[in-house]
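Asks: Okay, here's the structure, questions in a sec.
Here, each number is a calculation from the coordinates, and none is a lab measurement. Because the structure is predicted, anything quoted here is derived from the model rather than measured. Cβ placement follows ideal geometry from the backbone for every residue including glycine, while neighbour counts extend to all protein chains displayed.
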Amino acid sequence: MPNVTLADNSILEVADSTAASEIVKNLGRSIAEEALAVKVNGRMVDLSTPIREDCKVEFLTFDDPEGKEVYWHSTSHLMAHAIQSIFPEAKFGVGPAIEDGFYYDIDINKTLTPVDLEMIEKKMNEIAEQDQPFVRKVVSKDDALKFFKSKADPYKVEIISALDGTITFYEEGDFTDLCRGPHVPSAGKLKYFKLLGTSGAYWRGDSKNKMLQRVYGVSFPKKKMLDDHLKMLEEAKKRDHRRLGRELDLFVFHDVAPGAPFWLPKGMIIFRELEKFIRGELDKRSYLEISTPMLVKKDLWEQSGHWGHYKENMFILNVDEETYSLKPMNCPESTYVFRHKTRSYRDLPLRYSEIGRLHRNEISGALGGMFRVRQITMDDAHIYCRPDQILPEIDNIIALVKYVYGLFNFEVSFKLSTKPDDAMGDPKLWEQAEASLRQALANNAIKYGVKEKDGAFYGPKIDIQIKDALAREWQVATIQLDYVMLPERFDLSYIDAEGKPQRPVLIHRAIFGSFERFVGILTEHLAGAFPTWLAPVQAVVIPITDNFLEYGKSVMHSLSVENVRVELDDRNEKVGYKIREWETKKVPYMLIVGQKEAQAGSVSVRKHLEGDKGASPLADFIGKLKEQIATKA
């Protein structure tokens, strides 16, 4: 009789081959009703899975990230069932869970409309009400190919042809799909869903292949959760950084350069202010700024291991009959700076920062505004240190992360990403590295989640996530600990106190992650209303009539000489119109000037979203504004 260890470490003895769905009933009605799947010894499987040996089990609900994934992937399967019911000729690509829901790529002989989506939703409800179970079946490769060839589905045939090992189907009612699972126990678990729209998507992300229709959706076990999510999506549309980027003259995109923004003058002000800010913070913390070449021979990437692990994401060029690549990351080149001369233990830590332009060959279907680009400006740093310096260095990075993101009122959370399946190097060094990161998190009293097998191929990492004004989570900063890749592969060393060479440890870290993505996130978080120190235009002077234009010019000059970014609105328009327009441009301060202000040497102040703040002597206003900018209030 197997012994089952539960999440609270209690042990339950069960009969051989008892299904996990029966075991969960011992834990109470609530968890039994909410359980969607189960992890057995860390592996996600269906609740119908029989337990035949001693193991540790963890039941997953919608509150767990992996539970959401199961729920959303199952809903994608339900949607495909409904589509096939309505459009029998449909052929199916892939239908994964994604960060906020799911999609399925389909090939049918018509363009789906909002009316079609409503019809599919209705059919999904009908199928869910039948509450048919999701049944897993193991099939041979020959049988799997035979089945989908009989359905004339070239996409599933292509997928199966490339598979090795166990192949599984899932049946739900009269619908069968290729899937490794797991799924929720039955379709009746899928309560509330909404199909959000469609887009084009090339099969396999390759523009040489056929364009399929990607149908997006989201689902929740409770109606209020769906309603709240749909409200958030409506608000997110208003905050969409691509729209705000155009409206506020920050940046634009053009298909002449897919995956790379055109920064406009106002956007470059934000970029430069962030650059100046992070450089200032790094100067205070004794970082040394470097710059490394953008175009590098493939020999470097072969030595670092990136050629074998990352080649498909690199832009490769032939120059003088040699193979080069635009760099997708800065780390290997930082080793050349470290080893250009002999290093002593007294030199360490060496903190090399680099604000460098990188290029990554993201597939076209994955590009999305500032959030997924091919041209990236990374605020990178590589810290070469002794083993005894690891914890203090990570403490300093965590403090910097908290300060930077606190400045923008982001809620911060931490995840530990552990050794992946394709990890390089000695397993003992991996254990040592993971232990160091756990200790650093414990030293800072940080509660953290674990992302199993999600580390870089050369080392574990701490991933930092932020939650924005719409409660969306974003992966931003990272702290990666590298005992293995660069120190070993590039034969790095320093001379210790006894005159012997020793390997340094390398800490890779980024704070913003990338300027492009961070500006996109920040634009949506703030709905385009940047804090005064970061705003492209910090104040606008609005004369009531042309009679006060000269005084308006003198106010603008007084602000300009104090390095305030100011504009003068001298258009022949009514003041009310100007105020409304500048409010939509989200400028922090409007300074209205007329006869009273000209006589008193003052300004009438209006603050964005707060309205009239009354009259202020010009010198007083400038003093308060400068303090606000300097303190980044």
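Asks: Say each of Ala399 and Lys276 gets a label point 7 Å from the Cα, pointing the same way as Cα to Cβ; how far apart are those two points in nm?
Replies: Output for this residue pair reads 2.6 nm.
Asks: Per residue and in Å³, how big is the convex hull formed by the alpha-carbon atoms of segment 1-108? Spell out each step's value before the answer.
Replies: Numbers: hull volume 12.9 nm³, N = 108.
Hull volume over Cα atoms, normalised by residue count, gives 119 Å³.
Asks: I would also like to ask the following. Roughly how many nanometres apart are two label points built 7 Å out from the Cα toward the Cβ at Ser161 and Tyr336?
Replies: Reported label-point gap for Ser161 and Tyr336 is 4.3 nm.
Asks: Still on this structure: Reachable lysines from Lys596, Cα under 19 Å, same-chain residues fewer than 8 places away excluded?
Replies: Filter leaves Lys553, Lys574, Lys613.
Asks: Give the residue list of trypsin sites (Lys or Arg not before Pro) in segment 424-457 that are DSSP loop and have at most 15 other beta-carbon atoms within 10 angstrom. Intermediate values should be presented prior to the final figure.
Replies: On the way: sites: Lys428, Arg438, Lys447, Lys451, Lys453; in loops: Lys447, Lys453.
Of the trypsin sites (Lys or Arg not before Pro), the ones in loops of segment 424-457 whose Cβ has at most 15 other Cβ atoms within 10 Å are Lys447, Lys453.
Asks: I'd like the projected area of segment 419-555, averaged over all directions, using the convex hull of its alpha carbons. Report it in nm² with one decimal.
Replies: Mean orientational projected area (segment 419-555, Cα hull): 15.1 nm².
Asks: Over what distance in Å are the Cα centres of segment 390-409 and segment 163-218 separated?
Replies: 40 Å
Asks: For segment 111-197, what is the largest minus smallest coordinate of the Cα atoms on each principal axis, given in angstrom and ordered from greatest to least?
Replies: Between the extreme Cα coordinates on each principal axis of segment 111-197 lie 38, 32, 19 Å.
Asks: Which value, in nm² and rounded to one decimal, describes the direction-averaged projected area of the C-alpha convex hull of segment 328-374?
Replies: For segment 328-374, averaging the hull's shadow over all directions gives 4.4 nm².
Asks: Quick one: angle between helix 265-284 and the longest Cα principal axis of the chain, in degrees between 0 and 90, rounded to 10, please.
Replies: Helix 265-284 sits roughly 80 degrees off the main axis of the chain.
Asks: Between Lys613 and Ala469, what is the FRET efficiency for a Förster distance of 25 Å, r being their Cβ-Cβ separation, to the nearest 0.05?
Replies: Working: r = 24 Å, r/R0 = 0.95.
The value I calculate is 0.60.
Asks: Past 25 Å, Cα to Cα, is the threshold; run Lys237/Lys586; Lys39/Lys68; Lys122/Lys451 against it and keep the listed order.
Replies: Among Lys237/Lys586; Lys39/Lys68; Lys122/Lys451, the Cα-Cα distance tops 25 Å for Lys122/Lys451.
Asks: If you take the Cα atoms of the chain, find Rg, then find the Kirkwood Rh from the mean of 1/r over all pairs, what is Rg/Rh?
Replies: 1.02
Asks: Using helices alone, I'd like the mean residue ellipticity at 222 nm for the chain: each DSSP H run of four-plus residues gives -39500 (n - 2.57), total over residue count, nearest 500.
Replies: It comes out at -11000 deg cm²/dmol, rounded to the nearest 500.
Asks: Taking R0 as 60 Å, what FRET efficiency do you get between Asn41 and Arg357 from their Cβ-Cβ distance, rounded to the nearest 0.05? Mind showing how you got there, number by number?
Replies: Details: r = 44 Å, r/R0 = 0.74.
According to the calculation, E is roughly 0.85.
Asks: I'd like the Karplus ³J(HN,Hα) series for segment 396-402: coefficients 6.51, -1.76, 1.60, θ = phi - 60°, whole numbers in Hz, and an x wherever there's a Gly or Pro.
Replies: 5, 5, 4, 4, 5, 4, 4
Asks: Another question about this same structure. Given the pairs Lys276/Lys402; Lys141/Lys419; Lys415/Lys467; Lys91/Lys208; Lys276/Lys626; Lys25/Lys222, which are separated by over 23 angstrom at their Cα positions?
Replies: Lys141/Lys419
Asks: Shape of segment 306-418 from its Cα gyration tensor (a ≥ b ≥ c, root eigenvalues): rounded if a/c is under 1.5, otherwise prolate when a/b > b/c, or oblate?
Replies: oblate
Asks: Continuing with the same structure: Quick check for you: which residues of segment 204-241 have the amide N under 17 Å from the point 7 Å beyond the Cα of Ile98 toward its beta carbon?
Replies: 204-207, 211-220, 230, 233-234, 236-237, 240-241
Asks: Could you tell me the distance between the Cα centroids of segment 577-616 and segment 447-509, to the nearest Å?
Replies: 49 Å
Asks: Note the direction-averaged projected area, equal to a quarter of the hull surface, for the Cα convex hull of segment 277-364, in nm².
Replies: Its Cα hull, projected and averaged over all orientations, spans 7.8 nm².
Asks: Next up: Distances over 16 Å make up what percent of all Cα-Cα pairs in segment 15-66?
Replies: Beyond 16 Å sits 32 percent of the P(r) for segment 15-66.
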